[in-house]
Each structure stands twice: as C-alpha cells, then as structure tokens.
C-alpha cells in the first residue's frame, strides 16, 4: 500500500513538471522534492501520532507539527535550491527557485515561488492529513482485531466455564440410585447404566461442539428424566411433549438442562397430589420454542432459592451465543415456576 501510494504520487508529480521539463528532468525534480515529504509523512505516522496524538497530547502534537512545517519551509527556501545547483540546474532556474526574479529574455511568472507556496501550504498539509488518517485508521483496525480476538478467547473460556458448572450433583445422585438398583439386582440396572453412559458421552464429547442436533439434546433430557424417576417408580406427574420438535435442528448444547434441573429441584414430584412438571419443545418456522413449568413446594419455597447459579449461567450463555436472537420469560408465583424460551434460528442453518 505504501509503495503504491508513493508510486502514484510520484507519477502525478512527474506529470505536473513534464509541462515545463522533459521526462527525465521531471522525474529527477519530482524524486528530490518527494524526499522531505516522505520523511515528514513517516515522522508523523511513526513518531508524532503514536507519541502524542494517540495519547491525546494534542497541544504537544500541534506544536511538533508546526515545528515540522517550519523545518519543511526552511528546506524548500534554502536547501533545495542549493541541491538543484549541485545537480547542474541552470543559473536562471536556481535564481527562480530562490525567488530572485525572472529568467533572461521574455518575462515570465516565477513558478518556483508559487511552487514553494503550493508545496508548503497545500501538499504538506495534504500529506499530514492523509498520513494521520491512514495511521489512525490502521491503529483503530489493529485494536479492533485485537479486541475481537480477545473477545473470542473470553467467550470460549466463559462458555467452557459455564458448561463445566452444569450437572455435577445430578451425576452423583444418579450413581447412587443405580447402585441401589444393583444391590437389589434389578433388571433395570444395565439399561440405566447405559443411559448414564450416553449422558456422560454427550457432556464430555458432543458438548465440545458449538452446535448439536436437537435430537441429542432431547435424548439427554429423556435419559435425565428416566434417571430422576429412579427415586420412585410411582412418579407419573411429569408431562413431556417433544412431538413437534425438529430433530435435525442445530442448537447450542446444554441450554435447556439448567431449567429442567431447576424444575426437578423445586417441584417435589414425589408429592403425587401436588407436585408436577410440564415441558415442551417445538419448532415453528425459524423459531425454537422451549417451555417448562413446575409446581413449587410451599413449605420450603423462597424466591431466592429458585434459580441460583444454574439459571444465571444459562442466561449468560444465551446472551453470548444468541445475542439479540432469543426471548426469555420467567414467571414465578407462590404456586408455580414457569419458563418460556424462544430462539430465532434464521442464521443457524
């Protein structure tokens, strides 16, 4: 980009000077004139902007820019004519560059006096503006990329942390229940060991993916419910409806489990007269609807006890994974706790 810019700038300068000089001479003059301009551009980009402008030391920056402008003026006023003199420029051209009058013969305007004015007050200012805009945009882009990388790393770390907080207490309870079945030599023992194995496989392996088929999430939920029922064979007050769920729908893993865990924790389904849980999952066009409601045990119920770390985690995960593409409604009364979650999946396929 730098080479293309200065190459184009040089070509434009050669074109301007070729009206009065031959191509070789115009190229030589343009090259000499570009040296201080390039120097000032990179002094601005590599020193003044990082040292003063980015740090918001604007007064110091302006003073340094004015100092550079003054040095640039001195170069064009006193140094450049001597350089052209050493390069073999005709005496009348050197006098014109010094502003000492017209050349011999037919009077003509002094182009080098105008040249000094144009270069000092137009081109140098343009170079400063261009170099400042380029450098500040370059710094902003770099910071944006670094922020994006850092955000991605933070999101991955946070998601892994949130996932790691799901389920540990349930696994111990499930193992205890299966152990009780094994002690009494129940025929259900192998089947429940297989269900627990499937759940562990899902947690350890499948949940490492950003998205999983809804069928795997549903299978995990059904296994979870079956293992919860090991507490009492008479538990029938759990209503599940997954008939309208699209098994091939891709979703983030372990989104629904905290809500389900919360329902089993607070519904007291062992109370066959008053305890109950109702849950549904269904797809409607490009939306996934999840709902769950459960009774509350009034004897031990307080609002602070409902929810806890698990629900806060899933709220945070939804904000990270589906920002602006989900609706979560939680209703809590003295008799029930209900959750309605909608996820918009237009961009998931």
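The values are calculated or read from the model by the stated rules, or taken from the named source; none is laboratory data. Since the structure is predicted, the reported quantities are computational estimates derived from the model, not experimental observations. In this analysis, Cβ positions are derived from the backbone assuming ideal geometry, glycine residues included, and neighbour counts consider all displayed protein chains.
Numbers for the structure displayed
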read-out: Residue, farthest from residue 171 (Cα to Cα), within the range 212-258, restricted to residues that are assigned to a helix (DSSP H, G or I) and in contact with a strand residue (DSSP E or B) (Cβ under 7 Å, 6 or more places away or on another chain); value: 214
read-out: Any hit, the range 13-30, residues being at pLDDT below 85, in contact with a helix residue (DSSP H, G or I) (Cβ under 7 Å, 6 or more places away or on another chain) and under 16 Å from residue 130 (Cα atoms); value: no
read-out: Residue in the range 137-147 that is within 27 Å of residue 251 (Cα to Cα) and either modelled with pLDDT of 85 or more or surrounded by fewer than 17 Cβ atoms within 10 Å (Cβ to Cβ) (or both) present; value: yes
read-out: Where a residue in the range 309-337 is in the same structural domain as residue 268 (by TED's automatic domain parsing) and assigned to a helix (DSSP H, G or I) and its partner, wherever it lies, is surrounded by fewer than 16 Cβ atoms within 10 Å (Cβ to Cβ) and modelled with pLDDT under 90, with Cβ under 7 Å and at least six apart; value: 309/165; 313/165; 320/155; 320/158
read-out: Residue list for the range 226-235, filter: surrounded by fewer than 18 Cβ atoms within 10 Å (Cβ to Cβ) and touching a helix residue (DSSP H, G or I) at 6+ places or on another chain (Cβ under 9 Å); value: 226, 231, 235
read-out: Answer from 273, 298, 313, 294 - the residue that is in contact with a helix residue (DSSP H, G or I) (Cβ under 6 Å, 6 or more places away or on another chain) and modelled with pLDDT under 80; value: 313
read-out: Cβ pairs under 6 Å, 6+ apart, first in the range 268-292 and outside the structural domain of residue 213 (by TED's automatic domain parsing), second at pLDDT 95 or above; value: none
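Here is a yes/no grid of residues against (1) within 39 Å of the chain's Cα centre (by Cα); (2) part of a helix (DSSP H, G or I); (3) surrounded by 14 or more Cβ atoms within 10 Å (Cβ to Cβ):
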| residue | (1), (2), (3) |
| --- | --- |
| 170 | yes, yes, yes |
| 175 | no, yes, no |
| 181 | no, yes, yes |
| 185 | no, no, no |
| 190 | no, yes, no |
| 202 | yes, yes, yes |
